[in-house]
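The values are calculated or read from the model by the stated rules, or taken from the named source; none is laboratory data. All figures in this text were calculated on a predicted structure; none of them were measured in a lab. As a convention, Cβ positions derive from the backbone with ideal geometry for all residues, glycine included, and neighbour counts pool all protein chains shown. Surface areas here come from the heavy atoms of the whole protein model, side chains and all, with no ligands, DNA or RNA. Shrake-Rupley method; radii C 1.70, N 1.55, O 1.52, S 1.80 Å.
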Amino acid sequence: MQLRYNFRLDPTPGQRTALAQAFGCARVVFNDGLRVRQEAHAAGLPYIKDTDLQKQVITAAKRAPEREWLGEVSSVVLVQALSDLHTAYRNFFASVTGRRKGPKVAAPRFRSRKDNRQAIRLTRNGFSLRSNGRLYVAKVGEIPVRWSRELPSDPSSVTVVKDAAGRYFASFVVQTDPSEVLPETTGDVGIDLGLTHFAVLSDGRKVSSPKFLRRAERKLRKAQQALSRKQKGSSNRKKAAARVARLHARVADARRDHHHKLSTAIIRENQAVYVEDLCVKGLGRTRLAKSVHDAGWAQFTAMLEYKAARYGRTFGKVDRWLPSSQTCHVCMVIDGPKPLNVREWTCQGCQTTHDRDVNAARIVLAAGRAESQNACGGTVSPSV
């Protein structure tokens, strides 16, 4: 399977200028291609083919006086920017026709030079890894990389990113080795995600919620107040905005690190992992929105899913409408809905007292096992 490996970059001032120029040229090519297609659609002309669009907004544009500076950056950057536009259109058409599952995808939009995140993508003919450990980018130079681990294979492409905090990263796409499959274990676990406890496991373990954003709110509030007092367009405002971005980046990094460590531990200890398919988008519209987004459930479940596929584990999501908080895991009697302040309850069928979250995790585990057996050809209904 393909994975991304991210590493911090330390470009020199000259290389930062060259990267800024590459970011700008990629953005201009993307916007030019989008504008040409929009004008053709408005005029009733047929959809412009990818090769014809490339000749128009890259090859021919380099010869024009108003776009001759496109030749100062690598052509790979320009071609990949246009490839991103093609992919965006294909995803939009697939979503409109119903061939793409999931939420609806909007039509491509113009990229702004004021975006906090800038990126360029390069294929193998636009970059290389040198023997001195540096990343060579065409027409930028050899950029120092902070290697934290080795790449499992030669990367097929790299994306150079500048985030809102002004940090530079290289994101390599690599093919992982199938030999990374972990030895089989006998453990299965169901996970109930929540706010009081970030995760409650079916074996009774509870992982407290770190609440990274809540803990950083005081510093963020002061930094945002200082930003609001700065004059628009001033250098001090840019510095204040960068400080706010760095604080948000610190929160996001801490949350991501916590999710990685917890998901890796769960995958290593269990052969099968089951979670509830939560509607995060719907919960994000409630009064608990800030806490829901601070928890980062979607990011955590995505990590569980790809790590399970990578290491040969089983991962499953149970139906979000499963009454996990209402069903007794002992006798499977549905005891009815309960308010959120009820953390323990006694089953009316078997008189067993349950911890609400632990019971929900065990119901998720039972439902996940049942679905996995049915998916593998098990008996769905009793034979007559």
For this session: Roll a 1.4 Å probe over the protein chains and send me the accessible area per residue for region 1-89 in Å².
Result: 51
For this session: Once you've got the GNM for the chain with C-alpha springs shorter than 10 Å, pick whichever of Val28, Val76, Val342 has the biggest mean-square fluctuation.
Result: Val342
Seminar exercise, completed: From the Cα centre of region 280-359 to that of region 14-77, the distance in Å is 48
Seminar exercise, completed: Using the Kirkwood radius over Cα pairs of region 95-237, the Stokes-Einstein translational diffusion coefficient at 10 °C and 1.306 mPa s, in µm²/s and rounded to a whole number, is 75
Seminar exercise, completed: Quick calc, region 37-192, dipole around Cα centre from Cβ unit charges on Lys, Arg (+) and Asp, Glu (-), nearest 20 debye, gives 780
Problem set entry | Bridge type composition, the chain - antiparallel percent by DSSP, nearest 5 | 80
Seminar exercise, completed: For region 215-367 the mean separation of alpha carbon contacts under 8 Å (6+ apart) over residue count, i.e. relative contact order in percent, is 18
For this session: Rounded to the nearest 500, what is the 222 nm mean residue ellipticity of the chain from helices alone, with -39500 (n - 2.57) per DSSP H run of 4+ residues and division by all residues?
Result: -13500 deg cm²/dmol
Exercise. Using Cα atoms only, what is the angle between the long axis of helix 75-97 and the major principal axis of the chain, expressed in degrees (0 to 90) to the nearest 10?
Worked result: 40
Exercise. So which residue, out of Asn31, Asn116, Asn341, gets the largest mean-square fluctuation from a GNM of the chain using Cα contacts under 10 Å as springs?
Worked result: Asn341
For this session: Return a whole-number percent for the relative contact order of region 78-146, with Cα pairs under 8 Å and 6 or more residues apart as the contact set.
Result: 20
Seminar exercise, completed: Stretched fully, the stretch from Arg117 through Ala265 gains (0.36 nm per residue minus C-alpha distance, one decimal, in nm) 50.1 nm
For this session: Please calculate how many Å² of accessible area region 123-267 carries per residue, with a 1.4 Å probe and no DNA, RNA or ligand atoms counted.
Result: 56
Exercise. Which one of Asn270, Gly141, Pro210 has its Cα pushed farthest toward the positive end of the charge dipole of the chain, where Lys and Arg give +1 and Asp and Glu give -1 at the Cβ?
Worked result: Gly141
Exercise. Does region 265-329 come out rounded, prolate or oblate by the C-alpha gyration tensor, with a ≥ b ≥ c the root eigenvalues, rounded set by a/c under 1.5 and, if not, prolate when a/b is larger than b/c and oblate if not?
Worked result: oblate
Problem set entry | Spin-label model distance (nm) - Thr159 vs Tyr136, 7 Å beyond Cα toward Cβ | 2.5
Seminar exercise, completed: Of the accessible area of region 1-126, computed with a 1.4 Å probe and all protein chains kept, carbon and sulfur make up a percent value of 51
Problem set entry | Per-pair calculated FRET efficiency, R0 = 45 Å: Arg320 and Arg124 via Cβ, rounded to 0.05 | 0.60
Exercise. Given a Förster distance of 30 angstrom, what is the FRET efficiency for Ala241 paired with Arg4, based on the Cβ-Cβ distance and rounded to 0.05?
Worked result: 0.65
Exercise. How long is the gain from Asp253 to Ala64 if the chain were fully straight, where each residue apart is worth 0.36 nm and the alpha carbon distance is subtracted?
Worked result: 63.6 nm
Exercise. If only Cα atoms are counted, what is the Rg of region 37-137, and what is its Dmax, in Å?
Worked result: 16.7, 54
Exercise. Between (i) 74, 55, 39; (ii) 93, 66, 44; (iii) 82, 58, 51, which matches Cα extents along the principal axes in Å calculated for the structure shown?
Worked result: (iii)
Exercise. Once you sort the root eigenvalues of the Cα gyration tensor of region 231-384 as a ≥ b ≥ c, which label holds: rounded (a/c under 1.5), prolate (a/b larger than b/c) or oblate (the other case)?
Worked result: prolate
